[in-house]
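Colleague: Encoded as structure tokens, here's the structure I'll be asking about.
Every read-out reported here was derived from the displayed coordinates using simple, explicitly stated rules and does not represent laboratory data. Since the model is a prediction, treat every value here as computed from it, not as a measurement. Ideal geometry is used to build each Cβ from the backbone, glycine not excepted, and the neighbour counts take in all protein chains shown.
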Amino acid sequence: MILGAGTAGTMVANKLRAKYTPAELDITIVDQDDQHHYQPGYLFLPFGQLAPGQIVRSRHSFIPDGVNLLLCGVQRVDAEAKQVHLRNGGLLDYDTLIIATGVQARPEATPGGVGPEYGKSVHNFYDLEAAERLQEAMRTFQGGRLVVHITDVPFKCPVAPLEFTFLADAYFKDKKIRKKVDIVFVTPLDGAFTKPVASRELADALKKRNVTLETDFAIAEIDNERKEIVSFDDRRIPFDLLVTVPLNMGPDYIAESGLGDDLNLVPCDQGTMRALAHPDIFVLGDGGTLQTSKAGSVAHFQVDIFMENWPQYLAGQQLTHNFDGHANCFIESGDGKGMLLDFNYETQPYTGTFPLPVVGPMALLKETRANHWAKLAFRFVYWEFLIKGRPLPFTADMYLMGKNIEGPASGTATADLFKGLFSKAAKSPSKVAGTAAKARAKAGRGARPYTAKPTEPKAAARAAAGPSEPVPVYVAQKGVDSTADPATVLPDPIIPKF
């Protein structure tokens, strides 16, 4: 049973059906309507770069034959009875449940978020109707203060508000009114982004565009009468046009079912996406507590790891494949250029080239036209490959080649990658300390690729020990405790919690 026919739900349904016949695996997917939205398109709609017809298609056209698609809302899940209660009164039994209903913007969660100015001078672009209203507001805006604001983390696509800011700068330049517009970027973080290197580079990009950066802003309310956003420490930022990223929360049925935390996110294992409280529930897409970005690339890599673990799960064995938090995100920066971020749980976004050293063709944390065209091409890739479960050249593996490492990093180092390619040896993750790499460079040995001694793959160790015995009960994987404060379990967490 799959709840949610969005990116993750549709993708996993296609991959499971391609691997198992209906006689082997009965698959049902549930969603409330037949509209599949290309959510990255919301960003472009306010600037007239995409139309609604390019963003929305029918869900059923992407659901493979032999998969039951039910169009109905979910009331609650009874995890103990393994049943899903639908809003129409229907009752569905399941053996395994995949929660893929993601998160939604909740502007009403902020005092004043849906006040008299909502839809007039207060906007967001996190659903289709809101993005359309914002398009009209941007078209008629003739000058004043534009405030781009983040309510709290986590939220879908962490780079989206930065992208909106860059695109707004370019948009007003094209309209010849940029000098009449004061742009302020307001965030609850202590910098432009969640990691030091990316924060440094993105803050510099904001500064070059004459955008004011306001940090550590924990919003208390949106004052509709005075048209100000107000922080808990009583800082006030006036606006003529406010584009806010509302609080993101999981759907209400998660709370009704007692499955989630205070944001209706389901606590799950950081490596296997398996619900901590229920071994027959997996969380794919944005709806879990993974300490990485809520983005399409993450959903893609999650599903790949899930599919590798699925045969072991069916056999009652311990799951041995672990997701490392890998994400890569393109940032549209305006004027026909874009940036790219590539990171995981232990590797922050670094500068460099991707996917190959030196030649790229894409640059990390640098504005290039190649990144822009790759961002635009993703819409075609999304509709024709990603959600249909077709093979893509990008895998869940994190490669360190091409990156200018400035701190700790975890992934496949360059030497290990080539060893695996040419000797067909098993690749193994390597951890690299950026300071050590710098020390070698200073000593005159920086020309060769840095490597770390590969550790013995767990799979090889198990093979040497003999056949695996079925595990009778769920054994949590070694990883990050999703219920803990990220600040206490990860150094410089990718997504801190406030």
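Colleague: Suppose R0 equals 30 Å. What FRET efficiency, 1/(1 + (r/R0)^6) with r the Cβ-Cβ distance, do Thr212 and Ala377 give to the nearest 0.05?
Modeller: In this case the efficiency is close to 0.35.
Colleague: For region 254-337, what is the charge dipole size about the Cα centre, in debye to the nearest 20, if Lys and Arg each add +1 at the Cβ and Asp and Glu each add -1 at the Cβ?
Modeller: Dipole magnitude for region 254-337 comes out near 120 debye.
Colleague: Starting from the Cα of Lys403, draw a straight line to each of the aspartates and glutamates and keep only those under 12 Å, dropping any in the same chain fewer than 8 residues away.
Modeller: Asp342
Colleague: Taking a ≥ b ≥ c as the square roots of the Cα gyration tensor eigenvalues, with a/c under 1.5 meaning rounded and otherwise prolate when a/b beats b/c, else oblate, which class fits region 1-147?
Modeller: Taking the square roots of the gyration eigenvalues as a ≥ b ≥ c, region 1-147 is prolate.
Colleague: How much length is gained if the chain between Thr21 and Phe394 is pulled fully straight, taking 0.36 nm per residue apart and subtracting their Cα-Cα distance, in nm to one decimal?
Modeller: Result: 131.6 nm gained on full extension.
Colleague: Let a ≥ b ≥ c be the square roots of the eigenvalues of the Cα gyration tensor of region 106-248; is it rounded (a/c under 1.5), or, if not, prolate (a/b larger than b/c) or oblate?
Modeller: rounded
Colleague: When only C-alpha pairs under 8 Å and at least 6 residues apart count, what is the relative contact order of region 106-248, in percent?
Modeller: Computed over region 106-248, the figure is 37 percent.
Colleague: Need one word for region 108-148: rounded, prolate or oblate. Basis is the Cα gyration tensor (sqrt eigenvalues a ≥ b ≥ c); a/c below 1.5 gives rounded, then a/b vs b/c decides.
Modeller: Judged from the Cα gyration tensor, region 108-148 comes out oblate (a/c at least 1.5, b/c at or above a/b).
Colleague: Taking the Cα centre as origin and putting +1 on Lys and Arg beta-carbons and -1 on Asp and Glu beta-carbons, what dipole magnitude results for region 142-286, to the nearest 20 debye?
Modeller: Computed charge dipole of region 142-286: roughly 1180 debye.
Colleague: If you take the beta carbon distance between Arg369 and Arg200 as r and set R0 to 22 Å, what does 1/(1 + (r/R0)^6) give as a FRET efficiency, to the nearest 0.05?
Modeller: 0.45
Colleague: Using 0.36 nm per residue, how much length does the chain from Leu314 to Cys72 gain when fully extended, once their Cα-Cα distance is taken away?
Modeller: 84.3 nm
Colleague: Want the number for Asp190 to His37: 0.36 nm per residue separation, take away the alpha-carbon distance, what's left?
Modeller: 51.8 nm
Colleague: Taking 25 Å as the cut-off for C-alpha to C-alpha distance, list the pairs among Lys179/Lys294; Lys120/Lys176; Lys195/Lys388 that go past it.
Modeller: Violating the 25 Å Cα-Cα cut-off are Lys179/Lys294; Lys195/Lys388.
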